[in-house]
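Enquirer: Just passing along the structure, written as structure tokens.
The values are calculated or read from the model by the stated rules, or taken from the named source; none is laboratory data. For clarity, every value in this text was computed on a predicted model and none was experimentally measured. In this analysis, Cβ positions are derived from the backbone assuming ideal geometry, glycine residues included, and neighbour counts consider all displayed protein chains. Ligands, DNA and RNA are excluded from the accessible area calculation, which covers all protein heavy atoms including side chains. Shrake-Rupley method; radii C 1.70, N 1.55, O 1.52, S 1.80 Å.
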Amino acid sequence: MKCIPVKELNDIAADPQELVLRSENAYASQISAAAERIYQERAHRPVVLISGPSGSGKTTTAGRVARLLEDNGCRAHTISMDNYFLPLTDEDKRLAEQGKFDFESPQRLDTELFKHHLEMLSRCETVEVPSFDFAKQARCPGMTLSREPGDIVIMEGIHALNPDVIGHSDEFTNRVYVSVRTRLEDNGELLHPSKIRLMRRLIRDKLYRGRSIPETMDFFRSVERGEDLYIMPYKHRASFDIDTFIAYEPLVYRDILLAELEEVSHTYKDYGHYADIAVFLEKLKPLDREFVPENSLVREFIG
């Protein structure tokens, strides 16, 4: 696993445009390599499955792959597997109120319908993709999807590599695993990649989902448990492994998060589990968000 010293980032940040350019190119080159092979294999592998843990950048990666395919004249359809969630039953709601419901479980998905749709799409048969209303926890009418020969369908979701969810689809799918795979290093101390993903979640939840930092941290503990159970055991099944770490991103997150992290450090009971985030952020030079390109993966989290 790659490591980047804090000092190196701070030194390069003296020229912020150079740091941003190098960081974005490192991510873009991985996307380009995957998209090229996906394009070459589109005749016999017309479905792409993109998996990764929470905060890994699945949505942006799916969109970037789709745009590169479109640039090569290949029509691409992108679908979130969240559309295949099952509505919560009364019993599910009761367990959720008690904090005992497993929101990360693949059993939340309508796996039979999903597997059936994968098979149908591989044969260019029309499917009725459902939609899911999270506020109402209800399935809604979605869209009609017709794949023509030569088209690619990209499905992204945390369970996209789990054979219990995707069935016997290996012969007609390319599978992509995305996550942060780079650690920050300072004087021998390392910041685990999951903490970068948590920073992303803290910012997105704060700005767009109305969650406080303690609420997101509480939620992230169950997310990490779900990753260990339902995502990590299957990442070896991927055809491509993409590191979505954008080297300058923690510099952008510094001033968005640091003051609030210091505020909750005295009141949040499990803060010690995440205290290293503030320690590392404090050592980084801040980078203004105006340097972040509009098409950057970082925009998925900061808007």
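Enquirer: Under the rule of -39500 (n - 2.57) per DSSP H run of 4 or more residues, summed and divided by the residues of the chain, what mean residue ellipticity at 222 nm is obtained, to the nearest 500 deg cm²/dmol? Mind showing how you got there, number by number?
Expert: Details: 11 runs with 133 residues, N = 303.
Theoretical 222 nm ellipticity from helices: -13500 deg cm²/dmol.
Enquirer: Let me check against my output: what whole-number percent is the relative contact order of the stretch 206-303, with C-alpha pairs under 8 Å and at least 6 apart? Intermediate values should be presented prior to the final figure.
Expert: Numbers: 43 pairs, mean separation 31.1, N = 98.
Reported relative contact order: 32 percent.
Enquirer: Quick one: of the DSSP bridges fully inside the chain, what percent are antiparallel, nearest 5? Please list the in-between numbers first.
Expert: Numbers: 10 of 32 bridges.
So the antiparallel bridges in the chain amount to around 30 percent.
Enquirer: Let me ask something else. Report Rg (one decimal) and Dmax (nearest whole number) for the chain, counting Cα atoms only, units Å.
Expert: Considering the chain through its Cα atoms, Rg and Dmax are 19.9, 59 Å.
Enquirer: Kindly express, to the nearest 10 degrees and within the range 0 to 90, the angle between helix 111-122's C-alpha long axis and the longest C-alpha principal axis of the chain.
Expert: The two axes meet at around 70 degrees.
Enquirer: On a 32 Å Cα-Cα criterion, which of the cross-link pairs LYS2/LYS206; LYS100/LYS235; LYS115/LYS136; LYS235/LYS285 come out too long? List each step's numbers first, then the result.
Expert: On the way: LYS2/LYS206 29 Å; LYS100/LYS235 27 Å; LYS115/LYS136 25 Å; LYS235/LYS285 34 Å.
The pairs that break the limit, which is 32 Å between Cα atoms, are LYS235/LYS285.
Enquirer: With every protein chain present, what accessible area does SER131 have (1.4 Å probe, heavy atoms only), rounded to the nearest 10 Å²?
Expert: 40 Å²
Enquirer: Which residue, CYS124, CYS74, CYS140, tops the fluctuation ranking in a GNM of the chain built on C-alpha contacts under 10 Å?
Expert: CYS140
Enquirer: Rounded to the nearest 10 degrees, what's the angle between the helix 249-264 long axis and the longest principal axis of the chain, both from Cα atoms, 0 to 90?
Expert: Relative to the chain, helix 249-264 is tipped by roughly 70 degrees.
Enquirer: Name the GluC sites (Glu not before Pro) in the stretch 102-169 that are in a loop by DSSP and that have at most 16 other C-beta atoms within 10 Å, would you?
Expert: Working: sites: GLU104, GLU112, GLU119, GLU125, GLU128, GLU156; in loops: GLU104, GLU125.
The qualifying sites are GLU125.
Enquirer: Same structure again: For HIS77, which sequence-distant residues (separation of 5 or more, or a different chain) have an amide H within less than 5 Å of its own amide H, given hydrogens modelled in the peptide plane?
Expert: Here ILE152, VAL153, ILE154 satisfy the definition.
Enquirer: Continuing with this model, one more query. On C-alpha positions alone, give me the angle between the axis of helix 16-40 and the longest principal axis of the chain, in degrees, nearest 10.
Expert: It is inclined by approximately 20 degrees.
Enquirer: Of THR126, THR182, THR244, which is the most mobile in a GNM of the chain whose springs link Cα atoms less than 10 angstrom apart?
Expert: Result for the chain, Cα springs under 10 Å: THR126 fluctuates most.
Enquirer: Among the aspartates and glutamates, which have Cα under 17 Å from the Cα of LYS283 when same-chain residues fewer than 8 positions away are ignored?
Expert: Counting by Cα, and skipping residues close in sequence, LYS283 has these aspartates and glutamates nearby: GLU8, ASP11, GLU185, ASP186, GLU189, GLU249, ASP255, GLU260, GLU262.
Enquirer: Could you run the Karplus curve 6.51 cos²θ - 1.76 cosθ + 1.60 with θ = phi - 60° over the stretch 234-243 and give me ³J(HN,Hα) per residue in whole Hz, x for Gly and Pro?
Expert: Taking θ as phi minus 60°, the curve returns 10, 5, 5, 7, 6, 7, 9, 10, 10, 8 Hz for the stretch 234-243.
Enquirer: Rounded to a whole number, what % of the accessible area of the stretch 122-236 do carbon and sulfur atoms account for, probe 1.4 Å?
Expert: Details: 2490 of 5110 Å².
Carbon and sulfur atoms account for 49 percent of the accessible area of the stretch 122-236.
Enquirer: Take every Cα pair under 8 Å in the chain that's 6+ residues apart, average their separations, divide by the length, and report that relative contact order as a whole percent. Can you show the working numbers first?
Expert: Working: 473 pairs, mean separation 83.0, N = 303.
In percent, rounded to a whole number, it is 27.
Enquirer: Going through the stretch 176-247, which trypsin sites (Lys or Arg not before Pro) have at most 14 other Cβ atoms within 10 Å and a DSSP loop state? Please list the in-between numbers first.
Expert: Numbers: sites: ARG181, ARG183, LYS195, ARG197, ARG200, ARG201, ARG204, LYS206, ARG209, ARG211, ARG221, ARG225, LYS235, ARG237; in loops: ARG181, ARG209, ARG211.
Within the stretch 176-247, the qualifying trypsin sites (Lys or Arg not before Pro) (loop, at most 14 other Cβ atoms within 10 Å) are ARG209.
Enquirer: Of the candidates GLY167, GLY73, GLY52, which one comes out as most mobile in a Gaussian network treatment of the chain with C-alpha springs shorter than 10 Å?
Expert: Maximum fluctuation in the GNM of the chain, among the listed residues, is at GLY73.
Enquirer: Also: Amide H of VAL180 versus every other amide H placed in the peptide plane: which residues, excluding those fewer than 5 positions away on the same chain, fall under 5 Å?
Expert: Those lying under 5 Å, H to H, from VAL180 are THR244.
Enquirer: Just to confirm the filter: which trypsin sites (Lys or Arg not before Pro) across the stretch 24-119 are DSSP coil and have at most 14 other Cβ within 10 angstrom of their Cβ?
Expert: Details: sites: ARG37, ARG42, LYS58, ARG64, ARG67, ARG75, LYS93, ARG94, LYS100, ARG108, LYS115; in loops: ARG42, ARG75, LYS100.
Qualifying residues, ordered by number: ARG75, LYS100.
Enquirer: Order HIS168, HIS192, HIS159, HIS77 by their accessible area, 1.4 angstrom probe, all chains in place, largest first. Each step should come with its number before you reach the end.
Expert: Details: HIS168 165, HIS192 85, HIS159 10, HIS77 30 Å².
The ranking, largest first, comes out as HIS168, HIS192, HIS77, HIS159.
Enquirer: What distance in nm separates the simple spin-label points at SER32 and ARG123, each placed 7 Å from Cα in the Cβ direction?
Expert: Simple spin-label model gives 3.9 nm for this pair.
Enquirer: Can you give the accessible area per residue of the chain, in Å², using a 1.4 Å probe? Can you show the working numbers first?
Expert: On the way: 13930 Å² over 303 residues.
Accessible area per residue, the chain: 46 Å².
Enquirer: Also, quick follow-up: Can you classify the stretch 217-256 as rounded, prolate or oblate using the Cα gyration tensor, where a ≥ b ≥ c are the square roots of its eigenvalues, rounded means a/c under 1.5, and otherwise it's prolate if a/b beats b/c and oblate if not? Please list the in-between numbers first.
Expert: Details: a/c = 6.31, a/b = 1.32, b/c = 4.78.
Because a/c hits 1.5 or more and a/b fails to exceed b/c, the stretch 217-256 counts as oblate.
Enquirer: Additional query: In nm, to one decimal, how far is the modelled label at ASP288 from the one at ALA135, with both set 7 Å along Cα→Cβ?
Expert: Here the answer is 3.6 nm between the modelled labels.
Enquirer: Could I ask something else about it? Would you kindly state the longest site-free stretch of the chain, with sites defined as chymotrypsin sites (Phe, Trp or Tyr not before Pro) in a DSSP loop (not H, G, I, E, B) surrounded by at most 14 other Cβ atoms within 10 Å?
Expert: Values: sites that count: PHE103, PHE134.
It works out to 135-303.
Enquirer: Quick check on the stretch 1-143: what are the equivalent-ellipsoid semi-axes from the Cα gyration tensor, as sqrt(5λ), descending, whole Å? Don't skip to the end; give the middle numbers.
Expert: Values: eigenvalues 238, 130, 29 Å².
In descending order the semi-axes read 34, 25, 12 Å.
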